[in-house]
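Written out below as structure tokens is the structure these notes cover.
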Amino acid sequence: GQQLNQSPQSMFIQEGEDVSMNCTSSSIFNTWLWYKQEPGEGPVLLIALYKAGELTSNGRLTAQFGITRKDSFLNISASIPSDVGIYFCAGQLPGNQFYFGTGTSLTVIP
Amino acid sequence: GAVVSQHPSWVICKSGTSVKIECRSLDFQATTMFWYRQFPKQSLMLMATSNEGSKATYEQGVEKDKFLINHASLTLSTLTVTSAHPEDSSFYICSATGQGVWTQYFGPGTRLLVL
């Protein structure tokens, strides 16, 4: 199946720093979603975006749905140690089919 | 939010045996369930999509006779890995969507180790 390109692949940052990651695709999606996965767990939904240009926040997290509908980014402000995990973007098509990004591994150094 | 459970959370089996993994939607009727496989440090790869009461649709490259999927009720789907081999060792995650649930909610995953 399709896979979305996500960058960076990994990040090592100091606690308190801001984080930015993005996701690009050659295909247009109706919905973009961002998930966080901790070791040995399933993905947990963080933010969902429904229309081009939409900017949505969830606490310290902010995500945007690209104008072209082929990309999205996620920002985390003032990172804390519990932000550690792998962040995945996902593009959703009609019929609820998902395609996942390659993931961004985030390490926060206290 | 919608809750999805998986059982078992981990399983170790001998090569050649079959393993069944259950995925349940606990507080909604799951008309569609998805099965994913995830190798270490990699993303989730969709294996198949199953709609309640009908045959699953498998992604290209996934052997349907190897990975049997049954979605007999609106709250339960099962994945059976038949004649498991070490290369089938992976983290298997299900997700579900349905009435009143606008997107996929994921189970906690099942780690399979085939010796």
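None of the figures in this text is laboratory data; all of them are computed from the coordinates on show. Please read these numbers as outputs of a predicted model, since none were measured by experiment. Please note: Cβ atoms are built from the backbone with ideal geometry, for glycine as well, and neighbour counts cover all protein chains shown.
Of note:
- Across region B:73-86, computed HN-Hα scalar couplings (Karplus, 6.51 cos²θ - 1.76 cosθ + 1.60, θ = phi - 60°) run 9, 6, 10, 9, 10, 10, 10, 10, 8, 8, 6, 5, 10, x Hz from first to last residue, x flagging Gly and Pro.
- Extension gain, residue B:57 to residue B:26: 0.36 nm times the residue separation minus the Cα-Cα distance gives 8.8 nm.
- Simple spin-label estimate for residue A:84 and residue A:44 in nanometres, 7 Å along Cα-Cβ: 1.5
- Neighbouring Cβ atoms from other chains, within 10 Å of the Cβ of residues in A:37-48, number 5 on average.
- Listed by chain and number, the aspartates and glutamates placed with their C-alpha closer than 16 angstrom to that of residue A:51 are A:71; residues fewer than eight positions away on the same chain are left out.
- Convex hull volume per residue for chain B, taking Cα atoms only, in Å³: 94
- FRET efficiency for residue A:27 and residue B:39, using Cβ-Cβ distance with R0 set to 35 Å, rounded to 0.05: 0.90
- Cβ-derived FRET efficiency at R0 30 Å, residue B:73 paired with residue B:115, nearest 0.05: 0.40
- Spacing of the modelled spin labels on residue A:105 and residue A:75, each 7 Å from Cα toward Cβ, amounts to 2.7 nm.
- Both radii come from the Cα set of chain A: Rg as radius of gyration, Rh as Kirkwood radius; their ratio Rg/Rh reads 0.96.
- Amide H partners (placed H, <5 Å) of residue A:4, local residues excluded: A:100, A:101, A:102
- The protein assembly as shown: mean projected area of Cα convex hull, nm²: 12.0
- For chain B, taking a cut-off of 4.7 Å between Cβ atoms, the unpaired cysteines are B:13.
- Here's how it looks for residue B:48: its modeled amide H is under 5 Å from those of B:35, B:59, which are all 5 or more places away or on a different chain.
- Amide H contacts of residue A:85: A:106, each under 5 Å away and 5 or more positions distant or on a separate chain (H built 1.01 Å from N in the peptide plane; Pro and chain starts excluded).
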